[in-house]
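Inspection log for the structure reproduced underneath, given as structure tokens.
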Amino acid sequence: MLFVIGCFSTTEDSSDSYKKESKKEIKKTLYNIELGDVFIEKKTIKKGENVGEILYRNNINFPKIDKIAKLSKQIFDLRDVKAGGNYTLIFNDSINRNPHYFIYEINKVDFLVAQLKDTTNVYLGKKPVLIKEKTGSGIINSSLWFAMEESNLSAKLVNILADEIYPWTIDFFRLKPGDKFKIIYDAKYVDGEFIGVGKVHAALFNSNNTEHYAIAFNEVEGFEDYFDEHGNNLRKFFLKAPVSFTRISSRFTNKRKHPVTGRWKGHFGTDFAAPIGTPIYSTADGEITEVSYNRYNGYYVKIRHNSTYTTQYLHMDKSSKKIWAKKKIKKGKKVKQGVDIIGYVGRSGQATGPHVCYRFWKNGKQVDPFRTKLPPSNPVKKSKKNEFEKEKNIWLNKLAIINYPNEYLDVDSLETITMKH
Ligand SMILES: [Zn+2]
């Protein structure tokens, strides 16, 4: 059974006042160009249309168009403009239509300016990105996972929680209805429009009535990690799964004699069902010991992590051979946890459907990684402990006042919270 974020909320703040401000600014400058008494035309590139045609139509001669094409080549090839992309022409007057500038929006942030009057010049510019700290919360309900797509923002945030913050801590394959989270993140805006999620500062995931805190902290300069409230790094020796967000189709079971048939049955792996072609990652740093094929395992990879732990990944798709060749995935190759693709999900060998069978050895014995005590994580360094405690308290206080969706917060409890901090 799969579960989904059913409820999602973000706190609204002063984005209206921001919009007003930016409108005022637009009157004076556009794409950092000082505007006087000008005439602006904003259009989108039509299918099959190219920049040369647009400029020619607007009274720019061929030698100039050629010069612009040559100048822009080094910074952005104008042949790469996309149909539907926004462009702007700035004229001095609406009668003669001699544009001073042509601007193409490469994406929501970057743009290209072709200066057409006086000296011909081409340069790149960036729109200012406004970053605002936002909060959100969600509750898992029993709907199907893919229904989550309805809300792009919650999908993005849950993917960050699953893949970047909690892949070592929470078994996302075992979420239950009622599991819930709170999150504090940066939202990025351009011209008052939301363009994406930036950094996640802190989160609280309540899974199976256990609270898991995550606080972003730079323990090493320039390298951010997530720590729990006791200062333990959430990054662990092993990831919970070799594939992102799918589902477990079969769990590890011990070998036992079937009471009727007398045959020995068991499943010494955890099966993660996923579409063919889903990338498979090593669950821990290690060295490859085997890259092979046989009629039972199909295409498979085996990795030794240290003297205690070894893992194996079965039933890979034949297309894995391409990445094996390209990334030199073979005996002796060192791989990074969650970074290096070691193959793709398939159904090779004895497999009924597309999945990866994940096998786990501890001291030479096959065990269930979900029921085995695994190596702990390291706490924040002593020299950084005070700094961490200070930052932690700020985020814990901020998390405490976020409500879960549909939770009614009455005035009394609000006062209690306010007084507490
Ligand atoms: Zn299996």
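Here is a yes/no grid of residues against (1) in contact with a strand residue (DSSP E or B) (Cβ under 8 Å, 6 or more places away or on another chain); (2) of a type in the set (D, E, K, R); (3) at pLDDT 95 or above:
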{"residue": "Pro242", "(1), (2), (3)": "yes, no, no"}
{"residue": "Arg256", "(1), (2), (3)": "yes, yes, no"}
{"residue": "Thr261", "(1), (2), (3)": "no, no, no"}
{"residue": "Ser282", "(1), (2), (3)": "yes, no, yes"}
{"residue": "Asp285", "(1), (2), (3)": "yes, yes, no"}
{"residue": "Gly298", "(1), (2), (3)": "yes, no, yes"}
{"residue": "Ser319", "(1), (2), (3)": "yes, no, yes"}
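For region 277-284, indicate whether the set of residues that are touching a residue at least 40 places away in the same chain (Cβ under 8 Å), out of contact with any His (no Cβ under 8 Å at 6 or more places or on another chain) and surrounded by fewer than 16 Cβ atoms within 10 Å (Cβ to Cβ) is non-empty. Within region 277-284 (the criterion being touching a residue at least 40 places away in the same chain (Cβ under 8 Å), out of contact with any His (no Cβ under 8 Å at 6 or more places or on another chain) and surrounded by fewer than 16 Cβ atoms within 10 Å (Cβ to Cβ)), the answer is yes, since at least one residue qualifies.
Name the one entry in Lys46, Lys108, Lys42, Lys82 that is farther than 30 Å from Val197 by Cβ and of a type in the set (Lys, Arg).
On the way: Lys108 fails: farther than 30 Å from Val197 by Cβ; Lys42 fails: farther than 30 Å from Val197 by Cβ; Lys82 fails: farther than 30 Å from Val197 by Cβ.
Every option except Lys46 fails the conditions.
Within region 165-177, work out how many residues are part of a loop (DSSP other than H, G, I, E, B) and of a type outside the set (Asp, Glu). So the count comes out to 8. If you filter region 305-319 down to residues that are in a strand (DSSP E or B) and not hydrophobic (A, V, I, L, M, F, W, C), you find that the one that is nearest to the ligand (Cβ to nearest atom) is His315. Scanning region 330-349 for residues that are within 19 Å of Phe272 (Cβ to Cβ) and more than 16 Å from the ligand (Cβ to nearest atom) turns up Val335, Gln337, Gly338, Val339, Asp340, Ile341, Ile342, Tyr344. Among the residues of region 350-361, the ones that are near the ligand (Cβ under 9 Å from one of its atoms) and either within 17 Å of Ile303 (Cα to Cα) or acidic (Asp, Glu) (or both) come to 4 in all. Among the residues of region 343-352, those identified as touching a residue at least 60 places away in the same chain (Cβ under 8 Å) and open to solvent by 20 Å² or more (accessible area, probe 1.4 Å) are Tyr344, Arg347.
Filter region 292-304 down to the residues that are crowded, with 21+ Cβ neighbours inside 10 Å and away from the ligand (no atom under 16 Å from the Cβ) and list them by number. Passing the criteria: only Ile303.
Going through (1) among the charged types (D, E, K, R); (2) within 16 Å of the ligand (Cβ to nearest atom); (3) surrounded by fewer than 17 Cβ atoms within 10 Å (Cβ to Cβ) one by one, Asp271 falls short only on (3). In the condition set (1) of a type in the set (A, V, I, L, M); (2) surrounded by fewer than 21 Cβ atoms within 10 Å (Cβ to Cβ); (3) more than 23 Å from the chain's Cα centre (by Cα), Val339 is compliant with all but (3). Looking at this structure, is Arg247 at pLDDT below 75, out of contact with any Asp or Glu (no Cβ under 7 Å at 6 or more places or on another chain) and either within 16 Å of the ligand (Cβ to nearest atom) or among the β-branched types (Val, Ile, Thr) (or both)? In short, yes.
The values are calculated or read from the model by the stated rules, or taken from the named source; none is laboratory data. Owing to the predicted nature of the structure, the values given are computational and were not obtained by experimental measurement. Using ideal geometry, Cβ is built from the backbone for each residue, glycine included, and neighbour counts are taken over all protein chains shown. Heavy atoms of the whole protein, side chains included, go into the accessibility calculation; ligands, DNA and RNA do not. Shrake-Rupley method; radii C 1.70, N 1.55, O 1.52, S 1.80 Å.
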